1. Would you calculate the separation in nanometres between label points at GLU383 and ALA979, each defined as 7 Å from the Cα along the Cα-to-beta-carbon direction?
2. Considering only ILE974, VAL922, SER893, whose Cα is most displaced toward the positive end of the charge dipole of the stretch 885-988, charges sitting on Cβ of Lys, Arg (+1) and Asp, Glu (-1)?
3. Arrange the peptides 751-758, 1016-1023 so that the one whose residues have, on average, the most other Cβ atoms within 10 Å appears first.
4. Could you give the dipole magnitude of the stretch 885-988 about its Cα centre, charging the beta-carbon of Lys and Arg +1 and that of Asp and Glu -1, in debye to the nearest 20?
5. Among all the aspartates and glutamates, which ones have a C-alpha under 17 Å from LYS253's C-alpha, if same-chain residues fewer than 8 places away are not counted?
6. Which value, in debye to the nearest 20, describes the size of the charge dipole of the chain about its Cα centre when Lys and Arg Cβ atoms bear +1, Asp and Glu Cβ atoms bear -1, and nothing else is charged?
7. What list of ³J(HN,Hα) values in whole Hz, one per residue of the stretch 659-669 in order, does the Karplus curve 6.51 cos²θ - 1.76 cosθ + 1.60 (θ = phi - 60°) give from phi, with Gly and Pro shown as x?
8. Can you work out the FRET efficiency for the pair THR482 and MET201, with r the C-beta to C-beta distance and R0 = 30 Å, to the nearest 0.05?
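The values are calculated or read from the model by the stated rules, or taken from the named source; none is laboratory data. Since the model is a prediction, treat every value here as computed from it, not as a measurement. With ideal geometry, Cβ positions are generated from the backbone for all residues, glycine too; neighbour counts draw on all protein chains shown. Keep in mind that these areas ignore ligands, DNA and RNA; they rest on the heavy atoms of the full protein, side chains included. Shrake-Rupley method; radii C 1.70, N 1.55, O 1.52, S 1.80 Å.
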Amino acid sequence: MTTARSSSSSSSSSSSCAGTMRPRCALVRAASRRRAGTTAPAFGAPARGLSVVVRAGKGEGDGGKGKEKKKDNAYGSTVRLPQTTFEMRANSVVKEPLMQKWWRDNGVYEHMKTRDAERFTLHDGPPYANGDLHIGHALNKILKDFVNRWQMVNGKNVRYVPGWDCHGLPIELKVLQSMDADARKELSPIKLRYKAKKFAMKTVESQRDQFMRYGIWADWEEPYMTLLPEYEAAQLEVFGKMFLNGHIYRGKKPVHWSPSSMTALAEAELEYPEGHVSQSIYVAFPVSDVPDSTPSELKELLSDASLAVWTTTPWTMPANAAVAVNARLDYSVCRVERTGKKLVVAEGLRETVAAKLESALTTLGTFKGQDFENVQYSHPFYERKSPMIIGGEYITTEAGTGLVHTAPGHGQDDYISGMKYGLPLLSPVDNAGLFTAEAGADLEGKSVLGDGNVLCIEKLTAAGALLKQEAYNHKYPYDWRTKKPTIFRATEQWFASVEGFREKALEAMDGLTFIPESGSKRMRPMVSGRSDWCISRQRAWGVPIPAFYHKDTNEVLMDESIITHFTEIVRKRGTDAWWEMEVEELLPAQYKDKAADYVRGSDTMDVWFDSGSSWAGVVKSRGLSFPADLYLEGSDQHRGWFQSSLLTGVAATGEAPYKTILTHGFVLDEKGYKMSKSLGNVIDPRSVIEGGKNQKTEPGYGADTLRLWVASTDYTGDVNIGMNIIKQTSESYRKLRGTIRFLMGVLDDFNPAEAVAYENLPAFDKYILQRLDETMSDIEKAYDSYTYSQVVSAVTSFTTFLSNVYLDVSKDKLYIGEQSDIERRACQTVVSAIVERLIAAIAPLTPHMAEEAYQALPYDKPDGAISVFTRGWPKRPEAWSRFPASEVAFWDSFLEIRDTVNKVIEDSRTAKLLGASLEAKVTVHCADGDFAAKLTSDEIKRQLRYLFIVSDVEIVSSGNEAVAGCDFKSVVDIPGAGAVSVGVRRAAGHKCARCWNFSTLVGSDAKHSQLCERCAPIVLKNHPDLVVAAEPVASA
């Protein structure tokens, strides 16, 4: 882009914005003072007394510069300066809440969500109601607001229902942490629920206020919460449909279990922190029996041999029920040269095991894994024998020994293999992660993750079975709430059998749009590899699974009538009824006589089932468009809410509950580190918006600055934030505001009724509208593709172009020209089109600033719309895009010539030949004859000196003529214009005291001897009574 120059200064800045650029001459500053009155200060007006610097001296042929002296400029009052009520200072901390109140008082959002138009539904993923908001919440909700406001501006009916996840362990833990040990012991389930509900509701209120301060439009008075009776009833209906479709069952199988929380966990409730170290052990299981079906050579070699297994969970040894091998792998019976004993290992891992045991392993014979099936071995702890079995493809030669210690009660692959062979489901571990009596008296009561694990290793050592022990650093699942390790443990749980509808779920995914596309590749394997979903939790704060159990047999009683009956109770009373009512009341009529034989279950539903049912509890029940148009959450929700919603939706209705999934990354600090209180790098959204205790060192930047940061990021990956980044964003906001302010100011006397018709606009103005149209097209595409950083880039690029080119060259006609001159009105026509579209373009991103600017428009609101949002997206007249390509190419090339002229002028200013660009005369030659002829056409020729911001321009017939006698010159090749020669010299004549242009006709008017031939008639017409004392004419 061309570097902007202020001709009242000897320096230039490509980053200057129009709203902060100094006016071209000191008399403009004088006019600013005279015209300010009760309106906002004019742009660039200095705070102190105003004066003009007059250089006493002569023009091009005169010698000497003379002395400088300051004097008030009498012509300041004759110049029209920008005026607007749109202030440069945003004062966002004060004004944004007032703007939000104005929106509420005028029902702007209510109009958007009730108008008769095509509906758009972005369904809100519910955050947990368990604390204050962090910067990640801000990123998420602001992105959603971008989406919604864009759809509103495009005329859609948009109703955004915000939600909160109010059940589950996070809230329960918050309640328990607020109580002492004695109080917790006295806490009944129903009392805990009352406290949890109170805590959740209080948190929702706090978080809602914080979200609203971000400028988020939503149904804040009617949010959805998973604890609301109508929501819980809808969730139970989803559960009932899945149950009737055969997808819900109860069984005993290994699940992720949190001893610290004493409940089952879903995969989405786990995290895998770095730095976990387990004790890895190599163990020898002595072969006890070899079946007759075993090949004779192998049978002979297995005499006195042992099976080498490897595990990182020594505590699962008491539950060992088999050793699994891969049927297709090669296994060798080896002699351990250091001890002479025989071990069976996978041939592909023989050398690795040898290195671990620090002894050579000599192969005595090699066989396929299939040959070892049903070989028996003895357990080193107990007097029991177990078989070798054929496992699946999970058995590889990547690590270990190739023989897998199999405990069906403590592993998913082990469980599946165990089911094939009818192995016992051993799991001698209780809810707290302690060994039960089944593990043996010496292990009973010891922690499997602590002293029990150590004792298992000691017992192996005592039995002579431990081959090797070493520390092993690897990823291990932790409870994401308590931040403590979990275990795999077989328990009685309720499951959703994903296997029964997995193919339908995958088919539904084929019809979805993922943004970015990589989301599909991430989520699809998660769904395709899922067999069962454990949906039960052993906690009190949640939606109960409406199952009853026989007191004697533990047989389950649950059918359609029970689920329907309880659902209707919940719809009226909420799920507290499960604990408040008697069993007889909870059962439908046909079972009431059996109430004495049954007890109610204590399991509640997984919170992912809660939130995963929101499509039923919100989208369908509140009449929003289903499937929802968009789900937008963090990328971690591929295994969380996106997946649970897909599974419940497909299982209950046969279709996905959404059409598009859009994901964002996580927020890191400026150095790329995760935010942590211990590191002191946490950024609180409230401190960004409102500021800190010391407003001088920690100023409040307002919600729009925070929103502009969000818009500026590539949120599809992780994003960075810090106070330096916020300050940079604030500066970008200030420049954008300054440009809008300038645009608004030059329209202070404009009436759209006086707009110049497109066909009568000068060619350069048409070119500007073509660029505006192109920019708006790019912005529309960016909004439609959710690439908000491209919106910011397009706006920034265009406003920079405006500041550096169009507004810079237009100041003369806007300030100096006759008020009703057609060229001035043409410029205002273009500026009006620009400002209305620029305001609309930024409205979804920085709504407070956009609305403030819209309300400050100096003429009647377009289409009578009360708000920039009800006005909608401005139309793009077809004529703008039909501006001939040849004309676009001409003006593109012309601006390259202008860049060259600017550079040569800047060089001459640096060398002190010129003080300002208006002291210059430019000579130009273009080798391309057609291009040169266009430059000399009547319309363009008379505009050249204003387009170059010089006092005189001459198009000459040769390159030599252009640069002859010029100390500063340049010759460049420019597409479309050929070789372009540019020369700069001092302009002839004297400086006009009003416009600062140099002219040989300055002084030709007797009454106004300091004015040029253009300014004198304007002053005489509009200020006939103005009398100015004669002064020596000014020259450079």
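1. Modelled inter-label distance: 10.9 nm.
2. Farthest towards the positive pole: VAL922.
3. Values: 751-758: 13.6, 1016-1023: 15.8.
Highest mean packing first, the order is 1016-1023, 751-758.
4. Values: 12 positive and 16 negative charges, 97 e Å.
It comes to approximately 460 debye.
5. GLU267, ASP413, ASP414, ASP430, GLU492, GLU499, ASP532, ASP603, ASP606
6. On the way: 124 positive and 131 negative charges, 922 e Å.
So the dipole magnitude of the chain works out to roughly 4420 debye.
7. After applying 6.51 cos²θ - 1.76 cosθ + 1.60, I find 9, 9, 10, 10, 10, 10, x, 9, 9, 10, 7 Hz.
8. On the way: r = 24 Å, r/R0 = 0.80.
The value I calculate is 0.80.
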